[in-house]
Amino acid sequence: MRHTVSLKENHLFRRLYAKGKSSVSPALAVYVRPNRRRENRLGITVGTKVGKAVRRNKVRRRLREAYRINEGRMTSGWDIVVVARVRAAYAPYAELERELLRLLDKLGVCQKGEKPQ
């Protein structure tokens, strides 16, 4: 991830949940907020309802890879938190990627002229 830094601090997640824009799908919820920086900050949350550690880590890896591959489509200067819902554990990778791109486009994070497939 070239222009992306990990979002790790709890207070940043809480601020994003409280003051950011959000959009949801059956498998994901995405929260975004401008951060006045040159890079994006990405946080991924996968709760224990999704499954045990192996399944949660698999979902987390898939979401991180879907973001990394499509990072060139994103505009800079956003805090992004992706929350995996229970359905994400059973969704194929292509569906997770498609939903992530659709939600980010809906929230205005994707560049103009770049449409998700």
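The values are calculated or read from the model by the stated rules, or taken from the named source; none is laboratory data. Since we're looking at a predicted model, the values are computed, not measured. Virtual Cβ from ideal backbone geometry, glycine too; neighbours counted across all protein chains shown. Heads up: the accessible areas ignore ligands, DNA and RNA and are worked out on the full protein's heavy atoms, side chains in. Shrake-Rupley method; radii C 1.70, N 1.55, O 1.52, S 1.80 Å.
Here are the numbers for the structure shown:
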{"item": "Failed item in (1) open to solvent by 40 Å² or more (accessible area, probe 1.4 Å); (2) part of a loop (DSSP other than H, G, I, E, B), with Ala91 passing the rest", "result": "(1)"}
{"item": "Scope the range 51-67; condition in contact with a helix residue (DSSP H, G or I) (Cβ under 6 Å, 6 or more places away or on another chain) and not charged (D, E, K, R); matching residues", "result": "Gly51, Val59, Ala66"}
{"item": "Single condition Leu101 does not satisfy, out of (1) free of Cβ contacts under 8 Å to residues at least 60 places away in the same chain; (2) open to solvent by 20 Å² or more (accessible area, probe 1.4 Å); (3) more than 20 Å from Tyr17 (Cβ to Cβ); (4) in contact with a Pro (Cβ under 7 Å, 6 or more places away or on another chain)", "result": "(2)"}
{"item": "Residues that are farther than 19 Å from Arg14 by Cβ, open to solvent by 30 Å² or more (accessible area, probe 1.4 Å) and within 16 Å of the chain's Cα centre (by Cα), drawn from the range 25-58", "result": "Pro26, Glu39, Arg56, Asn57, Lys58"}
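Every residue, every condition in (1) open to solvent by less than 30 Å² (accessible area, probe 1.4 Å); (2) of a type outside the set (Val, Ile, Thr); (3) in a loop (DSSP other than H, G, I, E, B), yes or no:
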site	(1), (2), (3)
Arg64	no, yes, no
Gly72	no, yes, no
Asp79	yes, yes, no
Val82	yes, no, no
